[in-house]
Amino acid sequence: MNLRISGPTPLPPEVREAAARQMVSHRSEPFRACIRAIVPRLLPIFGTSEPPLLFTASGTGGMEAALLNTLDPGQRVLAIRAGMFGDRFAEIARHGGLDVSDLEVPWGQAVSPDDLRKRLQRDSGFDAVLVTHNESSTGVCNPLEQVARVVREESRALLLVDAVSSAAGIPIEMDLWGADVVVTVSQKALMSPPGLAILAVSERAFQAAEKGSASYYFDFKKMREAVAEGTTTYTPAVSSFYGLEAALGLIDEEGLGNVYRRHERLALKCRKGLESLGMECFAAAGAASPTITSVLLPEGPSATKVRDRLESEHAVFVAQGRREYKERMLRIGHMGWVGDQEIGAVLDAFGSVLQDIQSG
Ligand SMILES: *Cc1c(COP(=O)(O)O)cnc(C)c1O
């Protein structure tokens, strides 16, 4: 099976084996050793020197945690919305009683740092800016470094980043760039089982969190203290932690720079290959994501039909477009444990299905 959705992603054998281990007490020494192995290996992935927080949750839980710890109801946030996950971040903020303004970006495009600058110059009173680093619904990577620079230069806002489908596949230098909370998960480029929301938090964001959290469970202060002692606040997804420890070992072996280059190379191969089969890359030139490719199908076959045949005839599992693109777009995930063979198989399968449909 070639699982090429935007997550969960396939597990390397070493990760599957680690995740299948017997339970231990999460307060025991062996489990503390696991956390102490995980934490330093996460630092370069975020580009931070602060140990990240390890919540047992999905990415959405991590996004909610970022908002509820650093902001109070009524505070103003600017949500950069370039797709479905940008919409979700804004929605969680509204749900939490924040005063949300939107910076809408057409689907398929990356946010323009100039547009953001103009918006912040017009209105600099935001307490936070929300951005999706890699928008999985459109296959677009937003220019996080430039976004962070503009936010720093034009405002005092915290920058909260959904890096769920980028971290460990696309470089992030949060300390250097000045991002404040960067959220990712275990089940995407980190090629581990679902279960962990991992949040890297700046000193500024920890200060903002001093007021306490509106959520009892997602509490930055308590989790920071727990992680410092090699544990977590409440019972963690133990198997996912073991899986993540093994996955981080594999990333270390390959070298993080090589991991990033592999993602770039495979993304290009996927994009070019699909274009040569008559599909159109949905992401604007220069904005295509290294971890997920979105393509528009040629006139004719519905995305549901193509997807079904990829699955049933070739065991290739891809994702469909979202909303109005549901029947026109397919999205191919290539993050985490993926190589030339898997992308080659995707291209062969697409070629065969499309040719078959077109020849009637
Ligand atoms: C997958 C994804 C999420 C949501 O993750 P869940 O773990 O399903 O809650 C959020 N943002 C982006 C960009 C994603 O790709």
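Which loop-located trypsin sites (Lys or Arg not before Pro) does the range 124-172 contain, where loop means any DSSP state but H, G, I, E or B and the Cβ has at most 16 other Cβ atoms within 10 Å?
Passing both the DSSP loop test and the Cβ count: Arg156.
Charges were assigned to the Cβ only: +1 to each Lys and Arg, -1 to each Asp and Glu. The resulting dipole of the chain about its Cα centre is roughly 180 debye.
Could you tell me which of Val151, Gly195, Ala214 has its Cα farthest along the dipole of the chain towards the positive end, charges placed at Cβ (Lys, Arg +1; Asp, Glu -1), taken about the Cα centre? Of Val151, Gly195, Ala214, it is Ala214. Considering only beta bridges that DSSP places wholly inside the chain, some 50 percent are antiparallel. What share of all Cα pairs of the chain, in percent, falls into each consecutive 10 Å distance bin? Taking all Cα pairs of the chain, the binned fractions are 6, 26, 32, 24, 11, 2, 0 percent. One Cα centroid belongs to the range 193-257, the other to the range 47-125; the line between them spans 20 Å.
Filter the trypsin sites (Lys or Arg not before Pro) in the range 291-360 down to the DSSP loop ones having no more than 15 other Cβ atoms within 10 Å, then list what survives. When the trypsin sites (Lys or Arg not before Pro) of the range 291-360 are filtered for loop state and at most 15 Cβ neighbours within 10 Å, Lys326 remain.
Taking all protein chains together and rolling a 1.4 Å probe, Ser276 ends up with roughly 100 Å² accessible. Between Leu196, Leu256, Leu159, the GNM of the chain built on Cα springs shorter than 10 angstrom shows Leu256 fluctuating the most.
Given +1 at the Cβ of Lys and Arg, -1 at the Cβ of Asp and Glu and no other charges, the dipole of the range 120-259 around its Cα centre is 360 debye to the nearest 20. Using just its DSSP H runs of length 4 or more, each adding -39500 (n - 2.57), the chain gives a mean residue ellipticity at 222 nm of -13500 deg cm²/dmol after division by all residues. In vacuo Debye scattering of the range 84-151, one point per C-alpha: log10 I(q)/I(0) at q = 0.12, 0.15 Å⁻¹? Listed by q, the Debye log ratios stand at -0.30, -0.48.
What fraction of the DSSP beta bridges in the range 117-248 is antiparallel, stated in percent and rounded to the nearest 5? Walk me through the intermediate numbers first.
Working: 7 of 15 bridges.
Close to 45 percent.
Using just the C-alpha positions of the range 207-360 as equal point scatterers, what log10 of I(q)/I(0) does the Debye formula give at each q in 0.08, 0.09, 0.14, 0.21 1/Å? Scattering profile of the range 207-360, log10 relative to I(0): -0.37, -0.46, -0.82, -1.21.
Taking GluC sites (Glu not before Pro) across the range 207-239, the ones in a DSSP loop with at most 15 further Cβ atoms lying within 10 angstrom of their Cβ are Glu229. Applying a length cut-off of 20 Å (Cα extent along the axis) and a mean Kyte-Doolittle floor of 0.0 to the DSSP H helices of the chain leaves 29-46, 238-254, 340-358.
Hydrodynamic analysis of the range 31-81 uses the Kirkwood radius over alpha carbon pairs. Inserted into Stokes-Einstein at 20 °C and 1.002 mPa s, it gives a translational diffusion coefficient of 161 µm²/s. Alpha-carbon geometry of the range 119-214: the Rg and the Dmax are 13.8, 44 Å, given in that order.
With an a/c value of 1.5 or above and a/b not larger than b/c for the gyration tensor axes a ≥ b ≥ c computed over the alpha-carbon atoms, the range 75-122 is described as oblate. Once you divide the Cα radius of gyration of the range 1-48 by 2.2 N^0.38 Å, the number left is 1.48.
The values are calculated or read from the model by the stated rules, or taken from the named source; none is laboratory data. What you see is a predicted model, and the numbers here were worked out from it, not measured in a lab. Cβ sites come from the backbone with ideal geometry, for glycine too, and all protein chains shown count toward neighbours. Note: areas computed on protein heavy atoms with side chains; ligands, DNA, RNA excluded. Shrake-Rupley method; radii C 1.70, N 1.55, O 1.52, S 1.80 Å.
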